[in-house]
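Just below is one structure, and these are the notes that go with it.
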Amino acid sequence: MAWEDRGGISDWEEDMIQHSERRYTSKDYWKLPEGKRAELIDGKFYDMAPPGFVHQKLVAKLTRVIGNHVEAKGGGCEVMPAPFAVNLNADDEKWVEPDISVICDREKLSERGCEGAPDFVIEVVSPSSRKMDYAKKTVLYLDAGVREYWIVDPQKGRTTVYRFEEDVAPIIFPFGEDITVGIYGDLEINMGKLLE
């Protein structure tokens, strides 16, 4: 399979169109062209559009706030923003790139990324990722053993929080409200303040 660009459509995209029934593997994932971002879920590639300004602002500020908290508490968790590969079930079949992954078990970290479920995942919704973040990834993260999952939605001005260890029903917070990070208990984040 060739991966070089040829003007408007790359060989990679052409292969995806021609072989839409093909089941891709981890080997295909690691052969993606330099700079090409996609997620591999159940043998299918899902292209990732470049994020916008508000998306990146939230990712940067959330990464800093959580990272500063971990450092101040002397914690052992790693806070990793995308692009960072996460092999959800360590089975080489599900490779995702959450906007932010918090991994507290350092045994899961390798040069390839995270081998297994992170403890805490945050996805910031973009117009192109809405269905994936709200539907497909919620089930993926629940099944993989992620403890806490936040869907931060700038367009709707709300954050949907799943604390899978407690309940599968989400809690929805408007951007102006403080949200306690469940895996820590002593960290509160207010999305409205992060966007000021």
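The values are calculated or read from the model by the stated rules, or taken from the named source; none is laboratory data. No experiment lies behind these values; they were computed from the predicted model shown. When we count neighbours, we look across all protein chains shown, and the Cβ atoms used for this are built from the backbone with ideal geometry, even at glycine. Only protein heavy atoms, including side chains, enter the accessible area calculation; ligands, DNA and RNA are left aside. Shrake-Rupley method; radii C 1.70, N 1.55, O 1.52, S 1.80 Å.
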Residue among Ser126, Ala38, Gly113 farthest towards the positive dipole end of the chain, charges placed on Cβ: Ser126
Helix 53-72 axis, angle to the chain major axis (alpha carbon atoms, nearest 10°): 60
Convex hull of Cα atoms in the range 17-66, direction-averaged projection (nm²): 5.0
Computed lengthening from Arg130 to Lys36, 0.36 nm per intervening residue step minus Cα-Cα distance: 31.8 nm
Protein-only accessible surface order, largest first, of Met191, Met132, Met80 at 1.4 Å: Met80, Met132, Met191
Charged-residue dipole, Cβ positions (Lys, Arg, Asp, Glu), the chain about Cα centre, Debye nearest 20: 400
Asn190 paired with Val168, simple spin-label distance in nm, labels 7 Å along Cα-to-beta-carbon: 3.5
Most mobile listed residue (Arg106, Arg158, Arg147) in the chain, GNM with C-alpha springs under 10 Å: Arg106
Length-normalised contact order of the chain in % [C-alpha pairs under 8 Å, at least 6 apart]: 13
Helical contribution to [θ] at 222 nm, DSSP H n ≥ 4, -39,500 (n - 2.57), averaged over the chain, rounded to 500: -6500 deg cm²/dmol
Distance histogram for the range 85-196 (every C-alpha pair counted, 5 angstrom bins, percent rounded to whole numbers): 2, 12, 23, 24, 19, 13, 6, 1, 0
Extended-chain gain in nm, criterion 0.36 nm per residue less alpha-carbon gap, Gln56 and Glu177: 41.5 nm
Estimated translational D of the chain in µm²/s (Stokes, Kirkwood radius over Cα pairs; 4 °C; 1.567 mPa s): 74
Cα-based convex hull, the range 28-131, per residue volume (Å³, whole number): 103
Subset of Lys27/Lys61; Lys137/Lys193; Lys27/Lys108; Lys44/Lys73 violating a 31 Å alpha-carbon distance limit: Lys27/Lys61; Lys44/Lys73
